[in-house]
1. When you look at A:ARG202, is it within 12 Å of chain B (Cβ to nearest Cβ) and either surrounded by fewer than 22 Cβ atoms within 10 Å (Cβ to Cβ) or acidic (Asp, Glu) (or both), yes or no?
2. Would you mind stating whether B:LYS152 is touching a helix residue (DSSP H, G or I) at 6+ places or on another chain (Cβ under 8 Å), farther than 25 Å from B:PRO380 by Cβ and touching a residue at least 24 places away in the same chain (Cβ under 8 Å)?
3. Determine, yes or no, whether B:LEU389 is crowded, with 19+ Cβ neighbours inside 10 Å and aliphatic (A, V, I, L, M).
4. Suppose the filter is without any contact (Cβ under 8 Å) to a residue 60 or more places away in the chain and surrounded by 17 or more Cβ atoms within 10 Å (Cβ to Cβ); does B:ARG413 pass it?
5. In the list A:ALA418, A:ALA384, which residue meets the criterion of being buried (at least 20 other Cβ atoms within 10 Å of the Cβ) and more than 14 Å from chain B (Cβ to nearest Cβ)?
6. Would you check if A:ILE231 is within 30 Å of B:LYS330 (Cα to Cα), β-branched (Val, Ile, Thr) and within 14 Å of chain B (Cβ to nearest Cβ)?
7. Working only within the range A:97-133, note down all residues that are in a helix (DSSP H, G or I) and surrounded by 13 or more Cβ atoms within 10 Å (Cβ to Cβ).
Protein chains: 2
Amino acid sequence: MTQSQTTDLSALLDRQEAERELFELLRIPSVSADPTHTEDMARAAAFLQRKLQSLGFTARMDPTGHGGQSGHPVVYAERLEAPGKPTVLIYGHYDVQPEAPLEEWVTPPFEPTVRDGRIYARGSTDDKGQAYAHVRGVELLLSQGELPVNVKFLLEGEEEVGSPNLAGYLAEHADELRADVIVISDGSRFAPDVPTVTYGLRGLSYVEIHVQGANRDLHSGSYGGAAPNPINALCEIIAGLKDDGGRITIPGFYDGVEELTPEEREMWAKLPHSDEEFAASIGVPALPGEKGYSTLERLWARPTLDVNGIWGGYQGEGSKTVIPAKAGAKVSMRLVPGQDPERITRLVQEYVPTLAPEGVRVEVKALHGGQPVKVDLDSPYIRAADRALTRVYGKPAAFGRTGGSIPIVADFRRLLGAPVLLVDFGLNEDAPHSPNESFALEDYHNGILTSAALLQELGHQELGE
Amino acid sequence: MTQSQTTDLSALLDRQEAERELFELLRIPSVSADPTHTEDMARAAAFLQRKLQSLGFTARMDPTGHGGQSGHPVVYAERLEAPGKPTVLIYGHYDVQPEAPLEEWVTPPFEPTVRDGRIYARGSTDDKGQAYAHVRGVELLLSQGELPVNVKFLLEGEEEVGSPNLAGYLAEHADELRADVIVISDGSRFAPDVPTVTYGLRGLSYVEIHVQGANRDLHSGSYGGAAPNPINALCEIIAGLKDDGGRITIPGFYDGVEELTPEEREMWAKLPHSDEEFAASIGVPALPGEKGYSTLERLWARPTLDVNGIWGGYQGEGSKTVIPAKAGAKVSMRLVPGQDPERITRLVQEYVPTLAPEGVRVEVKALHGGQPVKVDLDSPYIRAADRALTRVYGKPAAFGRTGGSIPIVADFRRLLGAPVLLVDFGLNEDAPHSPNESFALEDYHNGILTSAALLQELGHQELGE
């Protein structure tokens, strides 16, 4: 593989036609959350199905639903004409966020408009633009001959409403969806001039703590000094969950946590990140956290514990002298590779009651969990992505992780068992989910080139590597 | 003074007429909170004015109000026919709590009914029954001759709505209301067979703590580990306000606190109190608090710190992964003699920010304060009350305090400068403020006798003692 290949691809790119087609897709208001757009959802799915059929894919629209509720269709397409070569499953979604607040859009959300080199439209970056870059990437390769790998497309219509039918669909079609690697482009690169591969996501354990004091609300004058106060107790419990160094005190919590390698720490230290700018962007004077780790390390590779909500007693105006009967909090822990959400939840359920002061009863309810995900940096897929990005951007890729959990990624891992490559084309400044969402024309076209280059590079992998 | 005096008073008591008159007053639905009862309020006030006039008092109804809002009238009456003798101001209130929930009343709230020796009616114990016992006590003495002291009645109609006009009324009429001692019967005795004098009340400092993290709510995946979490910070602050022994850590907080005397501790230890029953009555397995003090000592004579309300982040169903921008709590401290609410509030405002972890900003807002009150146990008024109760109940009085703050008591002290004697006739089981409020006939009649005996005993005091 040489640099000339990139030039070839770039020279072949029909930018005008790629934009015209994407604009057509962006004009369809496929808002999955809004039942008045059900027909638009079907139109967008049909558009993709027809396009993929025109590229020689076997393509269909699969109905979804469960529990008597019908969902939006999945577009599934495959072209398996590369025997002996890896199979790549490309995931994307054709549904978009609601456009509200409409009055804040400079130009209408479903009339794509180019200003200053950016496409302004709902769905431009999230995820129609990034998903369609793969469609056009495949088309680019087909204009030169057969695809270098077997390609499957799974384009869903419910990502913006929490993918309620995706896990069921994956389980039902697991055989058909089998792949060597799954490629997703539905997020943001680290910075404008940094081609990025995201190789890890944090997992999640989310619990609710309930503290019960007396059997009714009490007057703080008549009972203060003798009745247990569940809010004070809850605060003690929560304060006890971390030590002064910001380390979580739950016994066994860090067992098995994969430490960062010196290479990873060095790599991240070189990324264009500034603590000052990061703090300023959220308006805080400092970035507290676990001692001994940089901000990116804490965000991407260290587990955390945050209270997401708390309640108890009187929350209105003025002063009510009550000792409430109960209090509660939602507490979530971001987990990292080596931690299992179910085990962590169990540890929390065991430990929290031991922190409770005398007089109160404590219950810890498990609400939600998610597996952390990490792709081995030495995997051939990561190396292929690096080569593809280097060809397109003229510089090596940055390898970062992300602090959030992407539930569908964990679903893919769990139900299909294949590694997931997150190769994003967008940027944070695209403002997905906000008014005036946009996608840089250059990022769209680089996305097309990256998709084509990545499939070429993956074609050089041996199966089962 | 001999036991025979009690017998005399008791023999003179016209129980039937005392009940008939009280029932007449109880039939007037004088609910101060409900504007549809404004006329009933005036009827109840007029009833008391007429009655006191019939006893030879100069009595009038004074309108109240401030800021353009008119209030319910104060009934003020005086009979100053005991030159050289002390002046006693008797406070009570003729307004009552709303009757809701009506369906839980066994008999209608404004049709007084006697069952098992108890008068069931709204206001029977709180405070019409207890206040009217003083009116009948005075009448009893008058049937024998002139009153042994100068007597002033101040009967307000807004106690159940927080006495919004009382402080203003006291300030305006301070000269006229001048008294050597103020007697209030508007609460509960310690136990059924325990005649009680309450000689102390706790004060209050009530603040609101606001903690600000980032300038907006953040996603806990993208920011968890680096962004300050104001709920975690608030919990750390609150947990830091007490040590493991339940002692409040605010520097200077205990400065000046009056320690209990060995006599007080011994006296309270003899009161019929059971920790087991107290804990069972509120459904808790233990009664946590400051180490080294009994439950009654902690409730009556030790300062406390309780969180009365807390809020922040997501309080709805399910799991929302937010790091909220802010959190807050209402925190109140019960204060004891020797502590000044303004000073304590200032100490809290100085100390709380020092407990804040890195990255958050903290503000402590003063909401409300109240002075602690204590009457010297050696005062002649206390001794007079003791003698009066001993005569009526045939056993010496118990001297206790109460953990709450009664704002009007502090107002009386502050604006009239006289000691306040709290001599209660009711019981907790009377269920004031609840459906089926009641007052034992025996307690009503003992109240009349106590009032008469107390005025006699106070007549033996020298002025200015």
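The values are calculated or read from the model by the stated rules, or taken from the named source; none is laboratory data. Because the structure is a prediction, the values reported are computed rather than measured. Using ideal geometry, Cβ is built from the backbone for each residue, glycine included, and neighbour counts are taken over all protein chains shown.
1. no
2. Taking the combined requirement at face value, the residue does not satisfy it.
3. Here the answer is yes, as B:LEU389 does meet what is asked.
4. Spelling it out, B:ARG413 is indeed without any contact (Cβ under 8 Å) to a residue 60 or more places away in the chain and surrounded by 17 or more Cβ atoms within 10 Å (Cβ to Cβ).
5. On inspection, the qualifying residue turns out to be A:ALA384.
6. yes
7. A:LYS128, A:GLY129, A:GLN130, A:ALA131, A:TYR132, A:ALA133
Quick grid of which residues meet (1) in contact with a helix residue (DSSP H, G or I) (Cβ under 7 Å, 6 or more places away or on another chain); (2) hydrophobic (A, V, I, L, M, F, W, C); (3) within 26 Å of B:SER332 (Cβ to Cβ):
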position	(1), (2), (3)
B:GLU358	no, no, no
B:HIS368	no, no, yes
B:LYS395	no, no, no
B:ILE406	no, yes, yes
B:ALA453	yes, yes, no
